[in-house]
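Student: Below is one structure. I have some questions about it.
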Amino acid sequence: MAQTHLDSSAYFLELSNKITDFQKNQKIDRKNAKKLYENRSLEAELADNTLKKAKTNENSYPTKEWDKIVKKAAKAIEDAAAADKLYKDLVTKLEETRKLWEKEMKEYSIMCEQMDESRLKFLMESMWAAVNVVSKNCLDIDNGCEVIRQSLENVSIDGDMRMFVGRCQTGSEKPAPMRYEPYRSQYSSSARV
């Protein structure tokens, strides 16, 4: 279970790194788009200002030159609008990515928390059961030892010896003393006859 937790953690860390890299690239793209947008807007503003100045002297420009100025201003305004749209799209995409990353990380965190809770519960219950077995064995051993102690308290060495002798004795008379009888003397007396 712990290995599964580590594997999923490694996977989500890798995923998080990829998303972070993607976000960094998106930020760079957004900055570039913003810079392009700002440059195009500045060009459009300059072209618009040039057009306004030229309008005051409209009659002093030949028609061809006047058409060029108007086209250049229109093109600059059009480019600025396109750059603005690109910038807006990139900002929107970046925000969507951030929200997705946030959602996935929240789901992952909840999953990890649930895994940790179940792992800790399993370990606690397993340890509890193991300790109960050891405790029961210790209690059984202690109870067995107590029975032996109680039996030993009832032992009376003198009384038990008397009881053993009383139950196992073979008689109250002593056997006759043993006398030595030489073998040769018996052999010699029978040979004489």
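The values are calculated or read from the model by the stated rules, or taken from the named source; none is laboratory data. Predicted, not measured: the structure shown is a model, and the values here were computed from it. Neighbour counts are summed over all protein chains in view; Cβ atoms, including those assigned to glycine, are modelled from backbone coordinates with ideal geometry.
Student: Please find, among 101, 128, the residue that is under 30 Å from residue 24 (Cβ atoms), assigned to a helix (DSSP H, G or I) and aromatic (Phe, Trp, Tyr).
Tutor: 101
Student: Condition first: within 23 Å of residue 20 (Cβ to Cβ), surrounded by fewer than 11 Cβ atoms within 10 Å (Cβ to Cβ) and either modelled with pLDDT under 85 or of a type outside the set (A, V, I, L, M) (or both). Now tell me which residues in the range 108-123 satisfy that.
Tutor: The answer is 113, and nothing else.
Student: Considering each of 123, 139 in turn, give the residue that is part of a helix (DSSP H, G or I) and closer than 30 Å to residue 8 by Cα. Explain how you work it out, then say what you get.
Tutor: Working: 139 fails: closer than 30 Å to residue 8 by Cα.
Among 123, 139, only 123 is part of a helix (DSSP H, G or I) and closer than 30 Å to residue 8 by Cα.
Student: Follow-up question, since we're still on this one. Within the range 83-96, is there a residue that is out of contact with any Lys or Arg (no Cβ under 7 Å at 6 or more places or on another chain) and over 30 Å from residue 17 (Cβ atoms)?
Tutor: Yes, there is a match, as at least one residue in the range 83-96 is out of contact with any Lys or Arg (no Cβ under 7 Å at 6 or more places or on another chain) and over 30 Å from residue 17 (Cβ atoms).
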